[in-house]
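The values are calculated or read from the model by the stated rules, or taken from the named source; none is laboratory data. Keep in mind that this is a model prediction, so the values were computed, not measured. A quick note on method: Cβ atoms are made from the backbone with ideal geometry, for glycine too, and the neighbour counts reach across all protein chains shown.
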Amino acid sequence: MKPILKALSILIVNPNPDFIYQLTSDGKYSASHTTFAANATDARIILQSDRPQVIIANDDCDKIPKLFREILSVFTPRERPLLVIVTDAPFAELFEVSDQIVARSQLPYIWQIIEALLLRGDKANTFEKRCVELESENKLLRDELFQVGKTAREISMIKQAVVHSVSHELRTPMLQVKSAVALLKEDEGANRLIVDLAMGAITRLEGGIRNVTLLNELMSETLDTEAFEPTLVLHILEAALRNLGKSWEHKEAITRVKIDVNPTNASVLCDRQRIIVALQLLLDNAIKFSKDEVTVRATTEGQKVHITVQDYGIGIPQKHLEQIFEAFYQVDGSSTRSYGGMGIGLAIVRLIMEQHHTTVEINSVPEKGSQFTFSLSTPDYTNFNNVDAD
Ligand code: ADP
């Protein structure tokens, strides 16, 4: 006998010696937990104090359906016993109220049948229990997700407030100081060195404020890729370099930058201004973190133009490569401080590339240099006739 049948409490309704003989003859059944009820009325009395797990009714097709129906209405589905009737004359109502109808010829197998039914019920219970557990786990996760979302919303609000004060509250006094220093610059008696230092500091501050404002803009807008225009790569690279040359910090360093576009008339589909900004930021880093030549190279491959900014400077250790695209992340805050910068340039580059459905790949070796590459699509000339000639 399998363990599942051993501890079962069974109620047999309407037994007779022959029936009991047939139930017990194979030795699988143990009488220790079995109760007998002479008829349906006796069964009702027993059920007031007993909770059998299985009720086996021997025929008496007039009374049993009513008894089973009462049981079904009194017990919850989890608590109610397994309802089995042994008969050779089943009818529709019996199928409705019992879990199993066993023909007399099947009596030798009745314990196997009951065992199978109980196991199936057990599986269903386990499954149901697991569903309840999963449901509550799910609720916990939903609550957590809500909390995370709430925190993210709060962080985003704080970030916006910071960006707002940086871009608005600092900009006005900075412009006032800038005009004052510009006036000083014209004054013959002013100390040149101090004025130049002040001008340099202001330019850096101005660049920082511009970048924070741009980062904020990029975080809250999506570009319409339909509005991208065909643009000559050479023109974008030259414009980026020209802009860098206007900055006080880089006006001399840009002579280190070499441009190499192949073929020279290669063009891409992009938001021209945004790509110029991205290139400026990559070039700014390349110049800042190296002393030797910097190359910006564009090569065409099929429908793509790969643009690479390469320097031979301090390089970036492997473990920082993923994080340097996060806003305000710097490889080594203390050492990069001596190079200047706020740690948002690459975050801006990443967002601009996301808007162009592309990414930036880095190859970098400490002390050997870094290579930042992104790819843009070439225009489909069946749709475009003019390439921006500016
Ligand atoms: P930052 O204003 O500090 O330059 P970025 O977001 O542009 O901010 O870059 C983040 C950090 O990544 C830098 O502080 C620096 O540590 C590292 N980094 C970026 N570009 C280079 C490079 N070409 N060579 C070495 N380190 C770089």
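General observations
- Restricting attention to the range 318-356, the residues that are within 8 Å of the ligand (Cβ to nearest atom) and modelled with pLDDT of 85 or more add up to 9.
- Among residues of the range 247-302 being in contact with a strand residue (DSSP E or B) (Cβ under 7 Å, 6 or more places away or on another chain) and assigned to a loop (DSSP other than H, G, I, E, B), the one that is surrounded by the fewest Cβ atoms within 10 Å (Cβ to Cβ) is Asn265.
- Here is the figure for the range 222-241: residues that are outside any helix (DSSP H, G or I) and either in contact with a Cys (Cβ under 6 Å, 6 or more places away or on another chain) or in contact (Cβ under 8 Å) with a residue 12 or more places away in the chain (or both) total 7.
- Whichever residue in the range 12-49 is modelled with pLDDT under 85 and among the charged types (D, E, K, R) and, among such residues, is nearest to the chain's Cα centre (by Cα): Lys28
- Search result, residues across the range 285-317 that are over 22 Å from Ser375 (Cα atoms) and more than 6 Å from the ligand (Cβ to nearest atom): Lys288, Ser290, Lys291, Asp292, Glu293, Pro317
- Qualifying residue in the range 130-145 (condition: over 24 Å from the mean Cα position of the chain (by Cα) and small (Gly, Ala, Ser)): no
- Within the range 178-189, considering residues that are of a type outside the set (D, E, K, R) and exposed (fewer than 14 other Cβ atoms within 10 Å of the Cβ), the one modelled with the lowest pLDDT: Gly189
- Here Ser247 clears all of (1) outside the structural domain of Ile155 (by TED's automatic domain parsing); (2) farther than 30 Å from Ala161 by Cβ except the condition numbered (2).
- When Ala190 is tested against (1) in a loop (DSSP other than H, G, I, E, B); (2) more than 22 Å from Leu346 (Cβ to Cβ); (3) within 16 Å of the ligand (Cβ to nearest atom), exactly one condition is not met: (3).
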